[in-house]
Every structure is written in C-alpha cells, then in structure tokens.
Amino acid sequence: MHADLVFHGGTLFTGSETTTDSVAVQAGRITGVGDVRDLVGPATEVIDLRGRLLLPGFQDAHVHAVMGGIELGQCDLTGTVDQAEYLRRIADYAAANAQAEWIVGGGWSMESFPGGVPSKTLIDQVVRDRPVYLMNRDHHAAWVNSRALELAGITRDTPDPSTGRIDRDADGEPVGALQEGAMDLVAVPLLTAEERYSGLMRGQQLLHALGITAWQDAMMCATNGYDDISDAYLQAARTGALTATVVGALWWDRDRGAEQIDDLLARRDEFTVGRLRCDSVKLMLDGIAENFTAAMTEPYRDSCGCSTANRGLSFIDPEQLPAYVSKLDALGFQPHFHALGDQAVRNALDAVEAARRANGPSDTRPHLAHLQVVHPSDVPRFAELGAVANMQPYWASHEPQMDELTIPFLDPALVGRQYAFGDLQRAGARLAGGSDWPVSTPDPLQGIHVAVNRAHHEEDYEPFLPEQALDVATAVAAYTSGSAFVNHLDDTGRVRPGFRADLVVLDRDIFAAPAAEIGDAKVAMTLVDGKVVYAG
C-alpha cells in the first residue's frame, strides 16, 4: 500500500542513532524506514525536511498538564524574579478580575525574597480587600496576604502542622509564607469542572507545540490538599478531545494506609478510557531541598553553616512503604515515586527491592522522579532493581535558587551528589525525561540543553557539576524511548516499521549544531498517530 506521508531530505534520529533515512507513514503507523520511494503514490504527501531533524515524539514522564494549563489562565508570576513586577502583575490581575472573590495563581521564585520567604505586607500594598493565594514555582509553598491569613484563622498561636511549616517573624507572627502541609490551612475555593477541563485543553495545546505526544500526569485523583483533576481527563478521553496518550499516576493518600488499595483498583478501571490509562501510583515521599523538607541522609545546615537536627520530612512512613509497594506491584501497578533527597531515594529503592523479593521479577517499571541527591551506594541499585531514573534535568544548573538557597544549607557531602545523571548512566540505569511543569518549563529542548550543558540556555553561570553531563543522543533518548518505556508505550519512542507515527520535526539538527545552541531549537511539527497536532 502507498504511504499517506513520507519524510525525506533531513536527519533522522531513530531513538538510538542518527541517519539520513526517509520515513513512510500509513494509517498512523511507520511502514518504512530507509529507501521508501516504492511507497510513494499519487496521493502521498511528501515532506522535504530541508536538512531539519525528524525524531520520535517527546514524552514527558512527570508532568502536571492540567494544573499547568489552569495556571496559564490565573495570576501568572512566572518568567521574572523582580518583586516590583510581581506586585504589578498581582494588581493588574486583581483589576481585570474585579468580581473574583479570591486572587489565585503562582510562579514566584524563592530567590526573589530574603531567605526565600515572601511577606504578606508586600501583597497588602496592592490587594487588601480580597484574599490572595499564590504558589511558588515549586508548588511546595504559598505566598498569602493578610486577608487570606485572617480568613484561615492563622495566628501566632496556630501550631505548625506535622507535614509543614508556617513561616514566622521574630515575634512569632505569621509572615505570609506557608510551607508544604501548612498550605492546606488556607481553604482556597475549589476549581470548577469547566476550569479543570479548560486547563487540560490549554495544557495539551502547549505540550503538543513543544513536540510532546504522550505524558504521565503525576497527580490523578489527588488528595492531601491538592486539586483532583481526574474528571477533566475522563471527559477528554471519552469525547476524543484527548489527542495525546496519557498515563495517569493515581495519588497515594499519605494520610491512609494499605486500605486505600481497593479504591486504587476501582479508579484504575474507571479512568482507563480511550487514550487514558491509569495503572501508575504516585507516592510522594518527601518535599524539596529549598525549604528543608527533602529527606536527606545528612542534616541540613543553618544560615551560619552549623549542622541542625533537621533531615527533612518523610510523608509516607518508610517502615510501611515496602509493604505498600509490594502490594501495588503484585496487583500490576507501577510505583511512581517523588524522591528528591537521598534518604527518600534510598527508601524508594528499598521498597522496590522488597517488592522484587516478595513478587519476583515484574514488568511494572517503577520510576523515581526528581533525584536531586543520590547517595553513591544507591547509584548502582537502579540498574540492579530495574528502577528507572526519571530526570528533571532543567534543575541541574547554577542559579540563585541553587547557589543561595540550596548549596549553603546542604551538608557538604551532599552538594556534589546532585543530579548525578552521568553516574546513573554509567552505572547502567535506564533514564527517562520529565519536566514537572508547571514547576519549570515543559520544553523538552530546554531540559535536553541542560542535561548536555549543565547550564541554562543563554545564562552566564559555569556548568554545574559538569562531570554529570550527558551526550546529546542519551539526553534525547531519555525524552523519547526512555519515557516511552516508563509509560509502557512500547510501540512508540523509536522510529521503526510497525511503530506508531508519533513524530516531531525540529527546525534544525541539534546533533550537528554546537551543544551550546541546543536551546535555540524549536519545534516545527508534531504528529500523533500520523496526524498533525501542531504545525509552527
């Protein structure tokens, strides 16, 4: 049969190597790679790449697509670190949404404020009559005004919750920053179903424009104060509006134990529809380093450089975690861990090891996301246990949040163990790529740029731990075949006959260009099942 579509005249990255082969697509599948002239018929659309790069569609192994899309329509503080600009945007949004009872949004950076802690008095300068609730770019803290604190009843006498912290001044008064579980003390109005669905549609449009054809959403059916966005996916999957292929990671309620597994089984059935499959479980083990809640093997330092008693938080009991993961694995669920500190990474690997002992080998493909610090003794365990290293490489760079709010407060032994992607690769670990958007940019090309250069594009910082850099092919493979493996999409992630025609065309060949220019590349076209879902 003649092909519907043929690409030629450029560079092809197959998922493991670069060639100059042509590619033929028919009925949503790749039908030929190489010399495909005999597949060209009178109705075949022939696309001359003109030296550009064709590669498998990118897949994001850890993203929050609905929340990212929602935040695009809220008070958006991303893209700047200037306090005056924050206040201008807050004031402008409040004026443009005069009927809104709450001002909600986020995207501020900790580096914008002394010690990473913002003040309620700043927001009070521009909005005093309505509550304001703004999450930081990491989504592990909220900046609120005095009215929000008043409505929540948060005073100097309010105790810190066990899973978070109310930042206070020297007199014990709340300053307007709430860390981790303390964010739940503010009863922000729930999103409507329409807002969630619109967020998914906005998010999908943006992700397709960045060459992303499939992803794993890391917060399906969420609890513990997070919005449940599952209805948006269900609606889109049932109506055909979901054009990406999505794996939903069902949220593990950290306030419950193994009794919730029956609920997870029911949700797996309910939310596996069309292009949506929900057989992964997200287990959030710890917090983040910048607010000292990531679980570390060594204690954090204080502002004077002295060791403290704080080693971070474990949101799920490490003693119970192996039993939970073993039960999930036995039922065919994929464990998806948030593991940022090296103690959390160790706890996750211990749980995977326990599941292997209890159940034997399985194809559940557990993966650990974030991996800011990994102890050297745990690096080889990824390959040994078949656990995937789910990288967010955009974070592996010098910037104020790293240099001013992280490095000075980590034990010196931990500083050089951050984002050890090179060590993991050399130890045989399988790598996958993700963004954690809206925490950081969803653009895979920016993540690949940092994975290779260990520095953000067009910034003057020295490379961050450059011995942990990856080569271009390895970094691109992480975002294609690596994430496809995590997502159990075994007929995607490579350009091979019989595979799905999930493809992306870049405006240049990033394998031929200098590594420092990877971040200049843009997506020219994205296809899912051979159909164009984005054309630049």
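The values are calculated or read from the model by the stated rules, or taken from the named source; none is laboratory data. Every value quoted in this text rests on a predicted model; they were computed, and no experiment measured them. Every residue, glycine among them, receives a Cβ derived from its backbone with ideal geometry; neighbour counts consider all protein chains shown.
Given the criterion within 26 Å of residue 412 (Cβ to Cβ), surrounded by fewer than 19 Cβ atoms within 10 Å (Cβ to Cβ) and either out of contact with any helix residue (DSSP H, G or I) (no Cβ under 9 Å at 6 or more places or on another chain) or small (Gly, Ala, Ser) (or both), identify the matching residue among 354, 309, 294.
309
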### Query
Does at least one position in the range 404-425 carry a residue that is in contact with a Pro (Cβ under 6 Å, 6 or more places away or on another chain) and crowded, with 23+ Cβ neighbours inside 10 Å?
no
### Query
Could you say which residue among 286, 302 is under 26 Å from residue 166 (Cβ atoms), surrounded by fewer than 16 Cβ atoms within 10 Å (Cβ to Cβ) and in contact (Cβ under 8 Å) with a residue 12 or more places away in the chain?
302
### Query
Tally time: how many residues in the range 23-52 are free of Cβ contacts under 8 Å to residues at least 40 places away in the same chain, part of a strand (DSSP E or B) and closer than 17 Å to residue 505 by Cβ?
1
### Query
So which pairs qualify, if the first residue must be in the range 356-381 and more than 17 Å from residue 283 (Cβ to Cβ), the second must be surrounded by fewer than 14 Cβ atoms within 10 Å (Cβ to Cβ), the Cβ gap must be under 8 Å, and the two must be at least 6 apart or on different chains?
380/428
### Summary
Scanning the range 4-22 residue by residue, those more than 12 Å from residue 494 (Cα to Cα) and part of a strand (DSSP E or B) turn out to be 5, 6, 7, 8, 11, 19, 22
### Message
Quick check on my filter: what residues within the range 217-255 are out of contact with any His (no Cβ under 8 Å at 6 or more places or on another chain), surrounded by fewer than 21 Cβ atoms within 10 Å (Cβ to Cβ), hydroxyl-bearing (Ser, Thr, Tyr) and modelled with pLDDT of 95 or more?
### Response
239
### Task
Quickly run through the range 244-284 and pick out the residues that are among the polar types (S, T, N, Q) and under 25 Å from residue 346 (Cα atoms).
260, 280
### Query
Out of the residues in the range 263-283 that are of a type outside the set (Gly, Ala, Ser) and assigned to a loop (DSSP other than H, G, I, E, B), which is surrounded by the fewest Cβ atoms within 10 Å (Cβ to Cβ)?
272
### Message
Being outside any loop (DSSP other than H, G, I, E, B) and buried (at least 22 other Cβ atoms within 10 Å of the Cβ) narrows it down to one residue among 473, 484, 516, 524; which is it?
### Response
484
### Task
Answer yes if at least one residue in the range 192-207 is without any contact (Cβ under 8 Å) to a residue 24 or more places away in the chain and farther than 18 Å from residue 67 by Cα, and no otherwise.
no
### Query
Which of (1) closer than 17 Å to residue 186 by Cα; (2) touching a residue at least 40 places away in the same chain (Cβ under 8 Å) does residue 138 not meet, given it meets every other one?
(1)
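Okay, residues lined up against (1) modelled with pLDDT under 95; (2) under 28 Å from residue 395 (Cβ atoms); (3) buried (at least 18 other Cβ atoms within 10 Å of the Cβ):
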| residue | (1), (2), (3) |
| --- | --- |
| 110 | yes, yes, yes |
| 115 | yes, yes, no |
| 136 | yes, yes, yes |
| 143 | no, yes, yes |
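Go through the range 167-196 and report how many residues are assigned to a strand (DSSP E or B) and over 25 Å from the mean Cα position of the chain (by Cα).
Result for the range 167-196: 5.
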### Task
Would you be able to say whether some residue in the range 344-355 is in contact (Cβ under 8 Å) with a residue 12 or more places away in the chain, more than 23 Å from the chain's Cα centre (by Cα) and part of a loop (DSSP other than H, G, I, E, B)?
no
### Query
If we scan the range 104-116, do we find a residue that is under 28 Å from residue 205 (Cβ atoms), touching a residue at least 12 places away in the same chain (Cβ under 8 Å) and of a type in the set (A, V, I, L, M)?
yes
### Task
For residues that are more than 19 Å from the chain's Cα centre (by Cα), under 26 Å from residue 334 (Cα atoms) and in contact (Cβ under 8 Å) with a residue 60 or more places away in the chain, tally how many sit in the range 456-495.
3
### Query
Would a scan of the range 72-80 turn up a residue that is in a helix (DSSP H, G or I) and closer than 20 Å to residue 212 by Cα?
yes
## Note on the structure
Subset of the range 224-244, residues farther than 28 Å from residue 140 by Cβ and either assigned to a loop (DSSP other than H, G, I, E, B) or without any contact (Cβ under 8 Å) to a residue 12 or more places away in the chain (or both), comes to 239, 240, 241, 242, 243
